[in-house]
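The values are calculated or read from the model by the stated rules, or taken from the named source; none is laboratory data. Bear in mind that the values here come from a model prediction, so they are computed numbers and not experimental data. All Cβ positions, even for glycine, are placed from backbone atoms using ideal geometry, and neighbour counts span all protein chains on display.
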């Protein structure tokens, strides 16, 4: 079973210890902090993880803590607990998309449910990060022709249109598409479009421009087969 981690930031020692013990009993790995600064100075590198923070803390508030995480690019799911937040603070906190906002005193079941939701959210984020990194790396293994075909797929070209644009036979167009999907480990065009939209690697320039057959001279090039992988 995968280990799950919870970080508790609460200045009330009694409540902090109570939450800590409850979560340990529920088989979570728990680290507790009396203030936001202590937590930020020792940011965990574990996942899946979730943060439980009081809104009112000495020094940085729970809201400011959440903003700091976002500024650092850390999308750790956050659960707010509060006994005295005003309406403005609550609205600002909710804009940041926390897992939940629990008013003190809260039921143990509500806290455990929020933690479970936060852990699952972070688990999904982890999978997406790994999938994106794998896609970014796989892009580098496409041949120039395969990259041209991929761009056509992203523009919505079907097999017949790819055949015309690339001056290849229909079986060859289908083979290009199949090879690209296999190399990039994607199962659908929608997944390809989503991952490509978030790619973080520079595009290598295609060595051959793509033009539609209608834009070329009447004599077309002979069919070509995919470049070796």
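Matching residues to (1) in contact with a helix residue (DSSP H, G or I) (Cβ under 6 Å, 6 or more places away or on another chain); (2) surrounded by fewer than 16 Cβ atoms within 10 Å (Cβ to Cβ):
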site	(1), (2)
71	no, yes
87	no, yes
97	no, yes
100	yes, no
103	no, yes
115	no, no
147	no, no
Please find, among 46, 53, the residue that is touching a residue at least 12 places away in the same chain (Cβ under 8 Å), part of a strand (DSSP E or B) and assigned by TED's automatic domain parsing to the domain that holds residue 125. 53
Of all residues in region 95-108, which are within 20 Å of the chain's Cα centre (by Cα) and either modelled with pLDDT under 90 or assigned to a loop (DSSP other than H, G, I, E, B) (or both)? 96, 97, 98, 99
Where in region 125-198 are there helices (runs of 4 or more DSSP H), lying fully within it, with 1 or more residues that are in contact (Cβ under 8 Å) with a residue 60 or more places away in the chain, under 17 Å from the mean Cα position of the chain (by Cα) and not assigned by TED's automatic domain parsing to the domain that holds residue 77? 189-197
Restricting region 1-27 to residues that are farther than 25 Å from residue 58 by Cβ and not in a helix (DSSP H, G or I), the one modelled with the lowest pLDDT turns out to be 1
All but one of (1) assigned to a helix (DSSP H, G or I); (2) surrounded by fewer than 21 Cβ atoms within 10 Å (Cβ to Cβ); (3) modelled with pLDDT of 95 or more hold for residue 31, so report the exception by its number. (1)
